[in-house]
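The values are calculated or read from the model by the stated rules, or taken from the named source; none is laboratory data. Just so it is clear, the model here is predicted, and its values are computed rather than measured. For neighbour counting, all protein chains shown are included, and Cβ atoms are generated from backbone atoms with ideal geometry for every residue, glycine included. For the accessible areas, the whole protein counts, side chains as well, though only heavy atoms, and no ligand, DNA or RNA atoms are used. Shrake-Rupley method; radii C 1.70, N 1.55, O 1.52, S 1.80 Å.
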4 protein chains.
Amino acid sequence: MINVGIIGYGYWGPNDARNFNTCEVVGLIAICDLNEKRLNHAQSHYPFIKRYSDPKDMISSKDIDVVAVVTPVFTHYELAKFALENGKHIFVEKPLTSNVAQGEDLINLAEKKGLIIMVDHTFLFTGAVRKMREIIDSGELGTLYFYDSVRVNLGLFQHDINVIWDLAPHDFSIMNYLIDYEPTALSAWGTEHFGRGLEDVAYVAVHFDNGFIAHFHCNWLSPVKIRKTLISGSKKMLIWDDLSSDEKVKIYDKGVKIDNTEGIHKLLVNYRSGDVHVPHIDNAEALKLEIDYFVECIKKKQKPFNDGEAGLKVVKMLEAADKSLRDDCKKVKL
Amino acid sequence: MINVGIIGYGYWGPNDARNFNTCEVVGLIAICDLNEKRLNHAQSHYPFIKRYSDPKDMISSKDIDVVAVVTPVFTHYELAKFALENGKHIFVEKPLTSNVAQGEDLINLAEKKGLIIMVDHTFLFTGAVRKMREIIDSGELGTLYFYDSVRVNLGLFQHDINVIWDLAPHDFSIMNYLIDYEPTALSAWGTEHFGRGLEDVAYVAVHFDNGFIAHFHCNWLSPVKIRKTLISGSKKMLIWDDLSSDEKVKIYDKGVKIDNTEGIHKLLVNYRSGDVHVPHIDNAEALKLEIDYFVECIKKKQKPFNDGEAGLKVVKMLEAADKSLRDDCKKVKL
Amino acid sequence: MINVGIIGYGYWGPNDARNFNTCEVVGLIAICDLNEKRLNHAQSHYPFIKRYSDPKDMISSKDIDVVAVVTPVFTHYELAKFALENGKHIFVEKPLTSNVAQGEDLINLAEKKGLIIMVDHTFLFTGAVRKMREIIDSGELGTLYFYDSVRVNLGLFQHDINVIWDLAPHDFSIMNYLIDYEPTALSAWGTEHFGRGLEDVAYVAVHFDNGFIAHFHCNWLSPVKIRKTLISGSKKMLIWDDLSSDEKVKIYDKGVKIDNTEGIHKLLVNYRSGDVHVPHIDNAEALKLEIDYFVECIKKKQKPFNDGEAGLKVVKMLEAADKSLRDDCKKVKL
Amino acid sequence: MINVGIIGYGYWGPNDARNFNTCEVVGLIAICDLNEKRLNHAQSHYPFIKRYSDPKDMISSKDIDVVAVVTPVFTHYELAKFALENGKHIFVEKPLTSNVAQGEDLINLAEKKGLIIMVDHTFLFTGAVRKMREIIDSGELGTLYFYDSVRVNLGLFQHDINVIWDLAPHDFSIMNYLIDYEPTALSAWGTEHFGRGLEDVAYVAVHFDNGFIAHFHCNWLSPVKIRKTLISGSKKMLIWDDLSSDEKVKIYDKGVKIDNTEGIHKLLVNYRSGDVHVPHIDNAEALKLEIDYFVECIKKKQKPFNDGEAGLKVVKMLEAADKSLRDDCKKVKL
């Protein structure tokens, strides 16, 4: 039995609690929150838990093997560090930390202690992302050309972070997971409209050395909700529309082939247009799969693919985006 | 009667010919093309025209008042200049010229000679763009926040220009027409995949001093065709979907209002969600309206709004985009 | 305080329970189900309720003022009758009864006893249906022409009823609510494919004396889910797409006007095409509004608009549909 | 060389002219129309044609091998009969004739004379219909369950026929072409709103002896244009959306399987939900393919599949629909 304590029972914490609780080899034994009402709410669902209002008390408890940190990002480092120091595996809400130095510190500490860090990039466990990974791995798309992601809506403004820190962790982690090429630099453009000094509309371009390009549009001021990603390759192209209920991933047997270039007016371009395929997407709950995998990693003492390193890579990109935004959208090396 | 001669009877020339021909106060009297077959084709439709294979011969003809230049962009300057020198008004395919210096030269020449330059930014005469202009002018959207344009498809590769020069002239001219703020700088990212040295996927951000941002996605490698523009303001937001047959422009009575910021966890954000309005769009042929307007400007000796200056502004942005692409996506002043 | 007991805690019962429980002037005091597990489940949410496995025991209880009958339709009559005989107001799942005679019996009984019957036609309390009622009442659509409803999907096969009894109660009740004309006859066509003697695909036409027509497509074998209703009038037309998240009701300022008919080739038809309007739809929970209204009707001793009579009208149509199906799709008088 | 004369140069005639003219083994040599202007228009495109204003003059001409009858339906019989009597093959606009007796007469005459009748059911030659035929022939859908067709819009009112005669010939001919089962009866419902005695909204159900059902919604009063057909089978289901530009036909690997029925509450229904496949559709011009096929049939003295019999079958259904409409929507035997 792996005993888990959760810190933070706000928006996402209850989902973690529910999934840890239904995992057969896990004992959900403690929940910590500063807010009394939320703790009451937690206890009405899980009467058997031990309540904490001070996270350090909970973390120090000998009964606990795993700490789930589901708090605002600026608190992650301190809580996660304390947990690792106390010998606990950690399951941390994304993004891992507020900056790269903190992330590296946690990774080193975990390494030293032989503990596991899993960063909760839930999207990686959705049926759609797993299916895209499968498609790309199979080589069906050919050489990859570009990755274009749009995640916009009339969104909840975050208090302490800009729209990139809010939305891009999803897309950066997905892109890192799907695309094997290594990004070399990043530039970001953005603007804000409410005098808070935090961008509400932003664009990020991620550069690679091989001609591949990735681009991200993050926006809290769009009248319509769009969650769409295009991945184009030399053989096929795909679109992931996360808001589609039954056609989330579509694969287009389309392409372009430039045969020859004999002078300026003789370019021979061939367009190919074939069938479209819409694979059935498994709709198992992503968080459940992620937690099962987390438990498996703990048992097997195996690093998860969404470990501290993967989380750190996302933080590096977020930090670079901030730098580029502050420095006139200059290209920042990764 | 205003007598018109057209140079170039390839893809777009026949449209110009048809619309000049149906305009009652215009006489379409000459067509010039290097290709014999195309001239035959032109003559089968307009048996009365005079055929030319050398544009300079046609331009020198005393019978002609107006020259329409419907040739590849690298030839615009020489042909337009010769026409102006010969005292002809010109109707030039977009973009006006291959670089800013050429454009300035033409404008000065036209000024000196009292001649009219109209750049054929046809989109400005579509019902959708005219309706959006009307909406923005009315103040219905409030203070404008951002302009986001996506124009992507599995497109015809151009031989001599990149995807920005091919697609962005549409969107730059539309944005300049709709938005009264003055752009101050521009950055562009792009990549190419066929060893031609010409970008096939590109992103352009246009910067303004007042927090407004404009962004353009131009792409020849998308499996699906998208022509979508979002314009967001403090009061309302609109979406222009040029591929929608009957809901091209949608106005959303939606917005966000940040009332107060008392500390990091006390931000009061109010979202407003109201009706959507889909105005009926006039579907008169844009090119017909444009040519009628051109003739009217000639008669009234009045500068059109899509004159040389407007065309030059687009060329400046294209040139800046090239510069930014060559210089590591650096911000280039406009 | 109005004390409520619920019979049936299967698919829909928990929704009733939740909404009765949150209504301030209602006491949810008893739940009855044949299934022990479901009763346990009910009690875990409402520890204070009294459990029953025999509905007659619960109905006889003096503490109860209202009985909610949320059981399969073939049991409605007996349970509802017993409840009325015991002086309880009833809230009955749709359709009211299995046949017209039963429905009339209940109405007479309620009348005699001064009790209220509300049939749970939840859809009538949705924002979309309330908005359409408002639009039609305002005269905005002009004289109504037709009502066309499609409700199809790969649906849950019901054990004891055909697809009309399963899906059409929604649409019949909505049509009756929105359209003031009185239907005079009905015909139905259908077929079944699994040897059960219960139609899985069916069409129903409802006839009126004034040229208005209503038509319903009910289908458990469609690969895609469609829930769409067209209502056309002489001035405007509307579409209700219940699956649209943010454009459920669209009003088209479109129409046709036949000016004159001078001989066979001289018909002057004018088409009018104007703006489209998408009103904001209130998304308050329909069942909550319905239960609040039920309680208000009890207090004011006022007949609800979705009373026994309204429920009976739907049963009459269902019965007529069965008759038509059995009698070679013949028109059956209503 | 097969010499063709066309009667009727209104809405559809020019399409026939263009396609006959581009067919290499055909000589378009004559066009007949009552309207002088239309004849002028025809001659401007085909200066070599012989003009006729009296169809009988043209039909009697010895130079002509084939007569295309592209006139209003009430004139088909007389013109087609005269053509057959004069030894000409005929290409007749759909529907073949105004009633069954006329159609039978033409078929007998053609048979006697060894002449070919082709009824211009153009839709049968579209890529989408050909692809659906291929899919159904392959057995991919399994046993067919139902055919549901919706063809509605704010349509052009016809002067002399109702909405079924206007729109259903398309769908009846397509259904007959795709579905091998033999229809046994038909019922129709409709209504009209402009005092013309011609239905503008109508529904038709076609009955079969094996549980298959086909249903057609024809409507001139819908605010939106819909052209959608569902074909459902035991293995797969398909949707044909003729207005979709790039996903006209979609095949759903979905189904339902009822394993067993042990008592009323024990029905075991299994739903299967798999991939969706969108085959690439050939977009060759249907009318061109049809005319090529017509010419081939003439040469090979072979009956086309869209011959007089196929055309007559559609007329039988139209006539039955009229009968059902006049007789209180009663089932009419076919």
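Among the residues of segment C:177-193, is any modelled with pLDDT of 95 or more, open to solvent by 30 Å² or more (accessible area, probe 1.4 Å) and hydrophobic (A, V, I, L, M, F, W, C)?
No, segment C:177-193 contains no residue that is modelled with pLDDT of 95 or more, open to solvent by 30 Å² or more (accessible area, probe 1.4 Å) and hydrophobic (A, V, I, L, M, F, W, C).
Scan segment A:123-169 residue by residue and report those that are over 20 Å from B:Phe146 (Cα atoms), crowded, with 23+ Cβ neighbours inside 10 Å and under 16 Å from the mean Cα position of the chain (by Cα).
A:Leu124, A:Thr126, A:Val129, A:Met132, A:Pro169
Here is a list of conditions, (1) in contact (Cβ under 8 Å) with a residue 12 or more places away in the chain; (2) surrounded by fewer than 20 Cβ atoms within 10 Å (Cβ to Cβ), and D:Lys62 meets all of them except one; can you say which number that is?
Every listed condition holds for D:Lys62 apart from (1).
Scan segment A:201-212 for residues that are modelled with pLDDT of 95 or more and out of contact with any Cys (no Cβ under 6 Å at 6 or more places or on another chain) and jot them down.
Matches in segment A:201-212: A:Val201, A:Tyr203, A:Val204, A:Ala205, A:Val206, A:His207, A:Phe208, A:Phe212.
Would you point out the residue of segment B:253-267, among those that are closer than 24 Å to B:Ile231 by Cα and more than 7 Å from every other protein chain (Cβ to nearest Cβ), that is modelled with the highest pLDDT?
B:Asp253
Might you let me know whether segment D:145-158 holds any residue that is β-branched (Val, Ile, Thr) and within 10 Å of chain C (Cβ to nearest Cβ)?
yes
Can you confirm whether segment B:45-53 contains a residue that is open to solvent by less than 40 Å² (accessible area, probe 1.4 Å), closer than 15 Å to B:Gly5 by Cβ and in contact (Cβ under 8 Å) with a residue 60 or more places away in the chain?
The answer is no, given that none of the residues of segment B:45-53 is open to solvent by less than 40 Å² (accessible area, probe 1.4 Å), closer than 15 Å to B:Gly5 by Cβ and in contact (Cβ under 8 Å) with a residue 60 or more places away in the chain.
Would you confirm, using the coordinates I've provided, whether C:Ala42 is surrounded by 17 or more Cβ atoms within 10 Å (Cβ to Cβ), within 24 Å of C:Lys299 (Cβ to Cβ) and under 28 Å from the mean Cα position of the chain (by Cα)?
No, not satisfied.
Is at least one residue of segment B:93-106 open to solvent by less than 20 Å² (accessible area, probe 1.4 Å), of a type in the set (A, V, I, L, M) and more than 19 Å from the chain's Cα centre (by Cα)?
There is no residue in segment B:93-106 that is open to solvent by less than 20 Å² (accessible area, probe 1.4 Å), of a type in the set (A, V, I, L, M) and more than 19 Å from the chain's Cα centre (by Cα).
Given (1) assigned to a strand (DSSP E or B); (2) touching a residue at least 24 places away in the same chain (Cβ under 8 Å), identify the lone condition not met by D:Pro14.
Among (1) assigned to a strand (DSSP E or B); (2) touching a residue at least 24 places away in the same chain (Cβ under 8 Å), D:Pro14 violates only (1).
Among the residues of segment A:194-208, which ones are among the aromatic types (Phe, Trp, Tyr) and either within 15 Å of B:Asp148 (Cβ to Cβ) or within 8 Å of chain B (Cβ to nearest Cβ) (or both)?
Passing the criteria: A:Phe194, A:Tyr203.
Out of the strands (runs of 3 or more DSSP E) lying entirely within segment B:200-305, which hold 2 or more residues that are among the small types (Gly, Ala, Ser) and surrounded by 16 or more Cβ atoms within 10 Å (Cβ to Cβ)?
Passing ranges, in order: B:201-208, B:226-233.
Which one of these does D:Met1 not meet: (1) in contact with a helix residue (DSSP H, G or I) (Cβ under 8 Å, 6 or more places away or on another chain); (2) open to solvent by 10 Å² or more (accessible area, probe 1.4 Å)?
(1)
Could you give me the residue pairs with C-beta distances under 6 Å whose first residue belongs to segment D:184-207 and is assigned by TED's automatic domain parsing to the domain that holds D:Ile161, whose second residue is among the basic types (Lys, Arg) wherever it lies, and which are 6+ apart or on separate chains?
D:Ala185/D:Lys331; D:Ala185/D:Lys333; D:Ser187/D:Lys331
Given the criteria among the small types (Gly, Ala, Ser) and part of a strand (DSSP E or B), does D:Ala30 qualify?
Considered against the rule, which asks whether it is among the small types (Gly, Ala, Ser) and part of a strand (DSSP E or B), D:Ala30 comes out as yes.
Inspect all residues belonging to segment C:160-180 and state whether any of them is touching a residue at least 12 places away in the same chain (Cβ under 8 Å), among the hydrophobic types (A, V, I, L, M, F, W, C), facing another protein chain (nearest Cβ under 10 Å) and touching a helix residue (DSSP H, G or I) at 6+ places or on another chain (Cβ under 9 Å).
For segment C:160-180, residues touching a residue at least 12 places away in the same chain (Cβ under 8 Å), among the hydrophobic types (A, V, I, L, M, F, W, C), facing another protein chain (nearest Cβ under 10 Å) and touching a helix residue (DSSP H, G or I) at 6+ places or on another chain (Cβ under 9 Å): absent.
Restricting to segment B:301-334, what's the tally of residues that are within 12 Å of the chain's Cα centre (by Cα) and closer than 20 Å to A:Ala185 by Cα?
0
I'd like the full set of residues that are within 21 Å of D:Ala83 (Cα to Cα) and part of a helix (DSSP H, G or I), limited to segment D:33-55.
D:Leu39, D:Pro55
With the checklist (1) out of contact with any Cys (no Cβ under 6 Å at 6 or more places or on another chain); (2) assigned to a helix (DSSP H, G or I); (3) not small (Gly, Ala, Ser) in hand, flag the one item A:Met58 doesn't pass.
(1)
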